[in-house]
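Note sheet for the following structure.
Read-outs throughout are calculated quantities, based only on the coordinates presented, and are distinct from any laboratory measurement. This is a predicted model, so every value here is computed, not measured. Cβ placement follows ideal geometry from the backbone for every residue including glycine, while neighbour counts extend to all protein chains displayed.
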Amino acid sequence: MCGRFASIVGRRTFQHTVIDVSDVPEATVGSEVTLIGRVGELEITVDELAETLKLPTMELIPRLARSLPHVHVNADIMETRQ
């Protein structure tokens, strides 16, 4: 989000996490956020996210896999499943 870190302030479930963006004035509804990966010089790893969410890494990975869209690609078609 604009190449800045923001704090997780609450979590009802894994899919419903509250992030405080009050110190990021350019953040608006629909702004892109990165949960795992790199933006410029900033990076957050799956291990860091798991630690922040107080989840074992090996529990976080399958939760992510179930929560994110799956894109299947072959030579003839590309299919997205939600």
Placing +1 on each Lys and Arg Cβ and -1 on each Asp and Glu Cβ in region 7-81, then taking the dipole about the Cα centre, the residue among Ala50, Val21, Ser7 whose Cα reaches farthest towards the positive end is Ala50
To the nearest 10 degrees, the tilt of helix 57-67 (Cα long axis) against the first principal axis of the alpha carbons of the chain is 70
Residue-normalised 222 nm signal for the chain, counting each DSSP H run of n ≥ 4 as -39,500 (n - 2.57), nearest 500 deg cm²/dmol, is -6000 deg cm²/dmol
Expressed in nanometres to one decimal, the distance between label points 7 Å along Cα→Cβ at Asn74 and Val33 is 3.7
If one builds a Gaussian network model of the chain from Cα atoms under 10 Å apart, the most fluctuating residue listed among Glu51, Glu43, Glu32 is Glu32
Length-normalised contact order of the chain, Cα under 8 Å, at least 6 apart, in percent, tallies to 19
